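A short worksheet on the structure shown next.
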Amino acid sequence: MTDPISYSTSTARLGLPLLFAGQAQKETTVNEALALLDICVAGSVQGVLNDPPTAPVIGQAWIVGASPTGPFANHQNAIAGWTEGGWRFVQPVIGMRCYDLQNGANRLFDGGWTLATAPASPQGGAVVDAEARAAIAALIELLKVTGTISAN
């Protein structure tokens, strides 16, 4: 007798629920997957929080901080989205990006959420070449950190 075919119950990268043959109430599985996709694909978060907001609006999402509490507990670094059914969490995968509305900048997930900050502007002018080179080097490093350009 052959071994029965085994199927995954969720996708490998984002853990989205999958349908299976003979499943009752398929709409529940499909709607759950769509809610999680909506959180991921929308591409923006309100900011980073350890504590859930007191009055979230449906469709808003946050990155869960390093010391999560309450419903955010055990979801460090996840994207938490508020839906009609409550909180939904998506564990990020390396390479995932989102726009942080609070900081007005893109974040990149590389094991943790990276947020590039602008380097200090050159000051003075006595040694313009050295200051310009330092500023350019800092910009290049930020572009590498955010994955905009290759680190190689």
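Just a few scattered comments:
- Evaluation of residue 28 against (1) surrounded by fewer than 17 Cβ atoms within 10 Å (Cβ to Cβ); (2) touching a residue at least 40 places away in the same chain (Cβ under 8 Å) (one fails), failing number: (2)
- Test for residue 31: is it closer than 15 Å to residue 107 by Cα and either modelled with pLDDT of 95 or more or in a helix (DSSP H, G or I) (or both): no
- The set of residues from region 69-78 being assigned to a loop (DSSP other than H, G, I, E, B) and either of a type in the set (A, V, I, L, M) or surrounded by 10 or more Cβ atoms within 10 Å (Cβ to Cβ) (or both) comprises 69, 73, 75, 76, 77, 78.
- For residue 27, the conditions (1) assigned by TED's automatic domain parsing to the domain that holds residue 97; (2) among the acidic types (Asp, Glu); (3) out of contact with any helix residue (DSSP H, G or I) (no Cβ under 7 Å at 6 or more places or on another chain) all hold with the exception of (1).
- Some residue of region 112-124 being under 21 Å from residue 11 (Cα atoms) and either touching a strand residue (DSSP E or B) at 6+ places or on another chain (Cβ under 9 Å) or modelled with pLDDT of 95 or more (or both): no
Residue-wise test of (1) under 10 Å from the mean Cα position of the chain (by Cα); (2) closer than 26 Å to residue 139 by Cα; (3) touching a residue at least 12 places away in the same chain (Cβ under 8 Å); (4) not in a strand (DSSP E or B).
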{"site": "36", "(1), (2), (3), (4)": "no, no, yes, yes"}
{"site": "51", "(1), (2), (3), (4)": "no, no, yes, yes"}
{"site": "58", "(1), (2), (3), (4)": "no, no, yes, yes"}
{"site": "63", "(1), (2), (3), (4)": "yes, yes, yes, no"}
{"site": "67", "(1), (2), (3), (4)": "no, no, yes, yes"}
{"site": "80", "(1), (2), (3), (4)": "yes, no, yes, no"}
{"site": "88", "(1), (2), (3), (4)": "no, no, yes, no"}
{"site": "95", "(1), (2), (3), (4)": "yes, yes, yes, yes"}
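The values are calculated or read from the model by the stated rules, or taken from the named source; none is laboratory data. Keep in mind that what you see is a predicted model, and the values were worked out from it rather than measured. Methodologically, a virtual Cβ is constructed for each residue, glycine included, from the backbone with ideal geometry; neighbour enumeration extends over all protein chains shown.
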